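Undergrad: Okay, handing you the structure first.
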Ligand code: AMP
Ligand code: GLY
């Protein structure tokens, strides 16, 4: 099969790496890709935002299957555009991607299906929002209803912070996504992610993972896209994974089908494990980044076979390795704010020779014989080990060999698992 993967981050490198090993694959293309992806796929310089260009390339090249990795493309309807051009693709469709695109929709679906989540209300004007926030007590969570590039959530510690945040959102602080906001109860607990794959009717579990969203050690500082992850996550016991499937994922897939927008694709369930049990934080319509980088090394089954089966309504259970995978994100100084681009990276080959190590590229570009750091998140140094401690030691051993001006990473990825 000729396959087109759309995207350019560390998640896409991990997917390209797994797809490249498939016995079904004859040729892998990635648009636009990065310097690491270029090692396993032919990169084509079409931006992921150019839906017409991607559809034309796929049709001209006779692509047999397309994999869309990122939320912006899924919520924007790239699946619908590619399928209309006759290209079988991993979804979800634009309609079904509402599970990621609208927090309000998800909250209503939770009510309907009895899925546990924080108490909430949706508002389109500030005054009522403020009184509801006051009535919940503090801290309280204020969210823009829509995609806000992962930045649409403010946790307000007191009344004045909360009223300021509500005004900020209604004044367009997060752009279009702030026309409606969701105010919800603050849930205390440990967060974990659980992934499943659905064909619209059937759904199979993938695996669990835990991400580190704050930029600083000990989970301090501003939120990021994710500074590291590991899988499996010990907080998600086998019993909790079963609860995730039976009480969250399966009712959601059934409800989407009943509403006439069957959910086909990867479903990412963000959970808060509270004292009164697991509660839904959010759904995403895709793999996580960097969670995907720790799922792919653990997947024993063929990824391409599974994704095509999801598209064609023929899902079968997948097999996973018992090993732990852990990834450390190496980022450019300044991230998640502004950072310098173009510094040359050294030590990549040296690091890749260590046992159990795969270095996925997130923000890199080839400059002649060298590779430059051009993103906020630049590399995902990923290790397999028999347990979290071994995977962590291996990953940080590899990190030590990689350098560029302004590189930094968290030094404590995996701490929650190790402190249990
Ligand atoms: P979301 O975009 O909904 O995933 O929210 C981003 C992050 O905000 C989550 O990963 C949580 O860390 C935090 N968060 C969101 N909702 C809540 C909540 N109700 N209680 C506590 N933390 C939350
Ligand atoms: N790592 C969080 C996400 O992909 O949304």
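Undergrad: Residue check: is residue 193 at pLDDT below 95 and within 16 Å of ligand 2 (Cβ to nearest atom)?
TA: In short, no.
Undergrad: OK, next. Can you name the residue in region 166-225 that is buried (at least 21 other Cβ atoms within 10 Å of the Cβ), away from ligand 1 (no atom under 13 Å from the Cβ) and over 28 Å from residue 11 (Cα atoms) and is also farthest from the chain's Cα centre (by Cα) among such residues?
TA: Residue satisfying both the conditions and the ranking: 166.
Undergrad: Mind checking which pairs have a first residue in region 213-231 that is without any contact (Cβ under 8 Å) to a residue 12 or more places away in the chain and at negative phi and a second that is within 11 Å of ligand 1 (Cβ to nearest atom) and assigned to a strand (DSSP E or B), Cβ under 9 Å, 6 or more apart or different chains?
TA: Short answer, once both residue conditions are applied: 220/214.
Undergrad: Looking only at region 1-24, count how many residues are within 18 Å of the chain's Cα centre (by Cα) and in a strand (DSSP E or B).
TA: Within region 1-24, residues that are within 18 Å of the chain's Cα centre (by Cα) and in a strand (DSSP E or B) number 3.
Undergrad: Going by what's in this entry, would residue 76 be described as on the phi > 0 side of the Ramachandran plot and modelled with pLDDT of 95 or more?
TA: Answer is no for this residue.
Undergrad: Please verify whether region 105-115 includes one or more residues that are in contact with a strand residue (DSSP E or B) (Cβ under 8 Å, 6 or more places away or on another chain), within 10 Å of ligand 1 (Cβ to nearest atom) and within 26 Å of residue 218 (Cα to Cα).
TA: Looking for residues that are in contact with a strand residue (DSSP E or B) (Cβ under 8 Å, 6 or more places away or on another chain), within 10 Å of ligand 1 (Cβ to nearest atom) and within 26 Å of residue 218 (Cα to Cα), one finds none in region 105-115, hence no.
Undergrad: Among the residues of region 10-27, what is the count of those that are closer than 26 Å to residue 370 by Cβ and surrounded by 24 or more Cβ atoms within 10 Å (Cβ to Cβ)?
TA: Residues that pass the stated criteria total 7.
Undergrad: Tell me yes or no: at least one residue of region 289-298 is within 16 Å of ligand 2 (Cβ to nearest atom) and either outside any helix (DSSP H, G or I) or surrounded by fewer than 16 Cβ atoms within 10 Å (Cβ to Cβ) (or both).
TA: yes
Undergrad: Further, regarding this structure: Give, as residue ranges, the strands (runs of 3 or more DSSP E) completely inside region 177-248 that count at least 1 residues that are closer than 30 Å to residue 333 by Cα and touching a helix residue (DSSP H, G or I) at 6+ places or on another chain (Cβ under 7 Å).
TA: 190-199, 203-211, 228-231
Undergrad: Residue pairs, Cβ under 7 Å, 6 or more apart or interchain, first in region 275-290 and over 13 Å from residue 71 (Cα atoms), second within 11 Å of ligand 2 (Cβ to nearest atom) and part of a loop (DSSP other than H, G, I, E, B). List them.
TA: Pairs that qualify, where the first residue is over 13 Å from residue 71 (Cα atoms) and the partner is within 11 Å of ligand 2 (Cβ to nearest atom) and part of a loop (DSSP other than H, G, I, E, B), are 290/226.
Undergrad: Still on this model: Count, please, the residues in region 136-160 that happen to be modelled with pLDDT of 95 or more, exposed (fewer than 13 other Cβ atoms within 10 Å of the Cβ) and more than 17 Å from residue 187 (Cβ to Cβ).
TA: Total meeting the criteria: 2.
Let's see how each residue does on (1) at pLDDT below 95; (2) surrounded by 15 or more Cβ atoms within 10 Å (Cβ to Cβ); (3) out of contact with any strand residue (DSSP E or B) (no Cβ under 7 Å at 6 or more places or on another chain); (4) not in a loop (DSSP other than H, G, I, E, B):
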residue: 350; (1), (2), (3), (4): no, no, yes, yes
residue: 354; (1), (2), (3), (4): no, yes, yes, no
residue: 365; (1), (2), (3), (4): no, yes, no, yes
residue: 389; (1), (2), (3), (4): no, no, yes, yes
residue: 398; (1), (2), (3), (4): no, yes, no, yes
residue: 401; (1), (2), (3), (4): no, yes, yes, no
residue: 413; (1), (2), (3), (4): no, yes, no, no
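Undergrad: Just wondering, is there one or more residues in region 25-39 that are part of a helix (DSSP H, G or I), at pLDDT 95 or above and touching a helix residue (DSSP H, G or I) at 6+ places or on another chain (Cβ under 7 Å)?
TA: Within region 25-39, one or more residues are part of a helix (DSSP H, G or I), at pLDDT 95 or above and touching a helix residue (DSSP H, G or I) at 6+ places or on another chain (Cβ under 7 Å).
Undergrad: Please pick out the residue among 300, 314 that is more than 16 Å from ligand 1 (Cβ to nearest atom), touching a residue at least 12 places away in the same chain (Cβ under 8 Å) and more than 18 Å from residue 16 (Cα to Cα).
TA: Checking each option against the conditions leaves just 314.
The values are calculated or read from the model by the stated rules, or taken from the named source; none is laboratory data. This structure is a prediction, so every number in the text was calculated from the model and none was measured. Don't worry about glycine lacking a Cβ; one is built from the backbone with ideal geometry, like all the others, and counts go over all protein chains shown.
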